[in-house]
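Asker: Mind looking over this structure? Questions follow.
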Amino acid sequence: MTPGGGRPPAGIFHAGISGARGRMGRAVSAALDAREDVVVAARFDRGETPDLSLCDVVIDFSTPEASVELARTCAARGGPALVIGSTGLTPEQDAEILRAAKTVAIVRSGNFSLGVNILIGLVEHAAQRLDARDWDIEVLETHHRRKADAPSGTALMLGEAAAGGRGAALADLRSPPYDGLAGPRQSGRIGFASLRAGGVIGEHTVLFASEDETLTLSHSAIDRALFARGAVAAAAWVRGRKPGLYDMQDVLGFRPA
């Protein structure tokens, strides 16, 4: 991640909402409308052409394709800054976002919750201290029936934190799904399980299990508004920053500026 530079400008700022008619877009709209220091300058969805010159920052909860298209557009014109919450991006789409961040400031996160981002830190520290030869790690996530990608972006973030705590990349430790006669669990691997049901907003659990004991770290989202408030906080933080790709660890000050 590129470190941030300087403090953002004070006073009122102008925000746009991409994916404005979606569930998260509506929640972001409500969070922005509740603040006195923000003017919502544009609300739009894919296929619509907003006037981005009116915006200091755009908050995007749309689709991977729409997020990449928006990032390209903002990079080509040198702004506005972006907050991207879309999940399920391919490695190629991730590379496009990173390329755009060379020109504009982008905060990207699979989850904008303060609690989740603290959980990520706890998972990394636990993985550092619990010997991989003795402790298995499983990440379980549950979401509403309409969610299209699995595992969730947050589950992957937790897996990456666990892998980082063990000094490795998640791609090297991720276990394939358990299905059929898969054989015994491989030591040191990180497993994932996904559930989709009803209207569950988001539940994430990381299980550390040895032969003698288990440690469970978990987070439950009660109201979708918590994600919107986090995204709005990220928008207020990223405006005026130098180009770079940031995440909520930067926004919350967990990394040095």
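The values are calculated or read from the model by the stated rules, or taken from the named source; none is laboratory data. Treat the numbers as computed from the prediction; the structure is a model and nothing was measured. Ideal geometry is used to build each Cβ from the backbone, glycine not excepted, and the neighbour counts take in all protein chains shown. Surface areas here come from the heavy atoms of the whole protein model, side chains and all, with no ligands, DNA or RNA. Shrake-Rupley method; radii C 1.70, N 1.55, O 1.52, S 1.80 Å.
Asker: If I filter region 15-36 for residues that are over 18 Å from ALA231 (Cα atoms) and out of contact with any strand residue (DSSP E or B) (no Cβ under 9 Å at 6 or more places or on another chain), do I get at least one hit? Spell out the reasoning first.
Answerer: Our first condition is that a residue be over 18 Å from ALA231 (Cα atoms); within region 15-36, this holds for none.
The answer is no; no qualifying residue exists.
Asker: Being in contact with a strand residue (DSSP E or B) (Cβ under 8 Å, 6 or more places away or on another chain) and surrounded by fewer than 18 Cβ atoms within 10 Å (Cβ to Cβ) is the filter; apply it to region 112-146 and report the residue that is farthest from ILE222 (Cα to Cα).
Answerer: Checked region 112-146; the qualifying residue farthest from ILE222 (Cα to Cα) is LEU122.
Asker: Applying the selection to region 102-122, what residues are modelled with pLDDT of 95 or more and among the hydrophobic types (A, V, I, L, M, F, W, C)? Break it down stepwise before answering.
Answerer: Filtering region 102-122 down to residues modelled with pLDDT of 95 or more leaves 102-108.
Passing the criteria: VAL104, ALA105, ILE106, VAL107.
Asker: Also, I was wondering about something else. Within region 167-189, is even one residue part of a loop (DSSP other than H, G, I, E, B), in contact with a strand residue (DSSP E or B) (Cβ under 9 Å, 6 or more places away or on another chain), hydroxyl-bearing (Ser, Thr, Tyr) and without any contact (Cβ under 8 Å) to a residue 40 or more places away in the chain?
Answerer: Scanning region 167-189, I find at least one residue that is part of a loop (DSSP other than H, G, I, E, B), in contact with a strand residue (DSSP E or B) (Cβ under 9 Å, 6 or more places away or on another chain), hydroxyl-bearing (Ser, Thr, Tyr) and without any contact (Cβ under 8 Å) to a residue 40 or more places away in the chain, so the answer is yes.
Asker: Which of the numbered conditions does ALA169 fail, given that it passes all the others? Conditions: (1) small (Gly, Ala, Ser); (2) open to solvent by less than 40 Å² (accessible area, probe 1.4 Å); (3) under 29 Å from LEU252 (Cα atoms).
Answerer: Failed condition: (2).
Asker: Name the residues in region 190-240 that are among the hydrophobic types (A, V, I, L, M, F, W, C), over 14 Å from GLU141 (Cα atoms) and open to solvent by 50 Å² or more (accessible area, probe 1.4 Å), would you? First the steps, then the outcome.
Answerer: Residues of region 190-240 among the hydrophobic types (A, V, I, L, M, F, W, C): 190, 192-193, 195, 197, 200-201, 206-209, 215, 217, 221-222, 225-228, 231-238.
The next check asks that each one be over 14 Å from GLU141 (Cα atoms); those that pass are 208-209, 215, 222, 225-228, 231-238.
Passing the criteria: LEU215, ILE222.
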